Amino acid sequence: MKKQTLLTLCLSCFCLALPGPTFGARETTQELVAVLQSDAGLEDKAIACRKLGEFGAKEGVPALASLLDDEVLATYARAGLERIPDPSASAALRSALETTEGVLLAGVIDSLGVLRDEKAVPALGELAGHDDAVVSEAALRALGRVASPEAIQIVETALASGKEGAAAAALLAAERQRAQGHEDVAIGLYDAVRSADVSRPARLGATGGAIVTRNSVPFLVEQLKSDDAATRAVALTAVREMPSAELADALHTELASAGPDLKVQLITALKDCHNEDSFQVVRAQLAGDTQTIRMAALDVVSTVGSGPELATTLLDVVRDRRSSMERQTAMDLLTRMEGGAEVDQVILDRLRASEAVDARIDVIDILGDRRAPGAVGDLLE
């Protein structure tokens, strides 16, 4: 019996994933409602729920609402209601808050969160204190998605009291407020999470949100100086979302005094956030004593530099042959480097100036891979 039920559910899920025919007639809605009210199988009813959501007709709301306490079909019914734009869909879900419990109640709450139903906020506020953790966390999550002033106040109170799930709700609310252009409210929520007794992932998520929402170079740099490696990593990730010449200068400054691990991260960050001074800063790191730092610089230098200056820098790496990995990386970058005849000429000049056999062979290989037309005479000498 259990195997048969599992098979039926699998088939149902498969059918829900298939694109269905497009209908629009009220008669079709009535026929789908009739399916839900009949003795039809689970698969047919699941498909009917999906199609009623696709049609978006309010006439389908009562039939879908009648399934909100069905252990199998409630998920499909809620999905259908979430897609019906008529206010009666939200009203049906609000009514179900009083008739469902446990996992089914949590599902109804989630749907109200998806719909961002502000009328449900008072009831959700009460459910946030429910004895069942699944229900209370769902209520807080929904309040975070609604993110109205009243909902945010409830979330902040729960966060201050250490309520489980409040941090995630606050982050949801912050993202919503930020998307709506209310940066000050979002920053307040992020900072509240950062200062609360919450999980490490929540605090790191709040830190990242606070950095990007503030769009403040000093604040980002402050996080880069953190003793916590994960916080520094979050700050470096945020660099990609707020690149500027000012931030690039700040990264240059930090690079001068950073330890080896942070230095590698800062160099990598300059790949996404650089200015006209970045090439010289990164090139200087190629002369360091630590190979990991030199490799990081080599990876970034071709992004922040170009033309003869970059070609000369890469040729110096090939000449110095500090490690086979660095040498091969520099040769590959030279092979792919744009610049045409101007860059080819720089490489040819290096060939003419090179006396060491190994160095000449490397340069010849580069010219051959670039198929530099002006190199034929030099290669025959």
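Once you wrap a convex hull around the alpha carbon atoms of the range 160-248, what is its projected area averaged over all directions, in nm²? Could the numbers behind the result be given before it?
On the way: hull surface 22.4 nm².
Convex hull of Cα atoms, orientation-averaged projection: 5.6 nm².
Filter the GluC sites (Glu not before Pro) in the range 120-183 down to the DSSP loop ones having no more than 13 other Cβ atoms within 10 Å, then list what survives.
Numbers: sites: 126, 137, 150, 156, 164, 175, 183; in loops: 164.
Hits after loop and neighbour filter: 164.
Could I have the simple spin-label model distance between residue 228 and residue 71, label points 7 Å from Cα toward Cβ, reported in nm to one decimal?
4.3 nm
In cubic angstrom, how much convex hull volume per residue do the alpha carbon atoms of the range 102-167 span?
63 Å³
Enter the accessible area of residue 357 (Å², nearest 10), with the probe set to 1.4 Å and all protein chains included.
100 Å²
Relative to the longest principal axis of the chain, what angle (0 to 90°, nearest 10) does the C-alpha long axis of helix 26-36 take?
Result, in degrees: 80.
If Rh is defined by the Kirkwood formula over all Cα pairs and Rg also comes from Cα, what ratio Rg/Rh do you get for the range 110-263?
Here the Rg-to-Rh quotient is 1.06.
For 237, 253, what's the largest-to-smallest order of accessible area, 1.4 Å probe?
Largest accessible area first, the residues go 253, 237.
I'd like to check one number: the per residue accessible area of the chain, probe 1.4 Å, reported in Å² as a whole number.
51 Å²
In terms of Cα to Cα distance under 12 Å, which aspartates and glutamates are near enough to residue 271, apart from those fewer than 8 places away along the same chain?
299
Could you tell me the accessible area of residue 274 in Å² (1.4 Å probe, neighbours in place), rounded to the nearest ten?
70 Å²
Just need log10 I(q)/I(0) for the range 51-133 at q = 0.10, 0.13, 0.25 Å⁻¹, Debye formula, equal scatterers on the alpha-carbon atoms, no solvent, rounded to two decimals.
Those come out to -0.20, -0.35, -1.23, one per q.
With a 1.4 Å probe and all protein chains kept in place, how do 58, 45 rank by accessible area, largest first? Each step should come with its number before you reach the end.
Working: 58 115, 45 35 Å².
Greatest to least solvent exposure: 58, 45.
Helix 102-114 versus the longest principal axis of the chain: what angle, 0 to 90°, nearest 10, using Cα atoms?
60 degrees
Can you give the relative contact order of the range 159-298 as a percent, counting alpha carbon pairs under 8 Å and 6+ residues apart?
That works out to 15 percent.
For the range 34-95, what number results from the quotient of the Cα radius of gyration and 2.2 N^0.38 Å?
In units of the globular-protein estimate, the range 34-95 measures up at 0.97.
Heavy atoms only, 1.4 Å probe, whole protein assembly: order 325, 295, 331 by accessible area, highest first. Mind dumping the intermediate values first?
Working: 325 110, 295 45, 331 15 Å².
Solvent-accessible surface, decreasing: 325, 295, 331.
Across the Cα atoms of the range 297-341, what radius of gyration and what greatest pairwise Cα-Cα distance (Dmax) are found, in Å?
Radius of gyration, then largest Cα-Cα span, for the range 297-341: 9.7, 29 Å.
At a 1.4 Å probe radius, carbon and sulfur cover how many percent of the accessible area of the chain?
The C+S portion of the solvent-accessible surface of the chain is 51 percent.
For the chain, what is the relative contact order in percent, using Cα pairs closer than 8 Å and at least 6 residues apart in sequence?
Here the relative contact order equals 6 percent.
How much accessible surface does residue 361 have with a 1.4 Å probe, in Å² rounded to 10?
80 Å²
Given Cα positions, please report Rg to Rh for the chain, the hydrodynamic radius being the Kirkwood one. Intermediate results must be reported in sequence, preceding the final value.
Values: Rg = 30.7 Å, Rh = 25.7 Å.
Radius of gyration over Kirkwood radius for the chain works out to 1.19.
The values are calculated or read from the model by the stated rules, or taken from the named source; none is laboratory data. None of these values were measured; they are calculated from a predicted model. Methodologically, a virtual Cβ is constructed for each residue, glycine included, from the backbone with ideal geometry; neighbour enumeration extends over all protein chains shown. Accessible surface areas use protein heavy atoms only, side chains included; no ligands, DNA or RNA. Shrake-Rupley method; radii C 1.70, N 1.55, O 1.52, S 1.80 Å.
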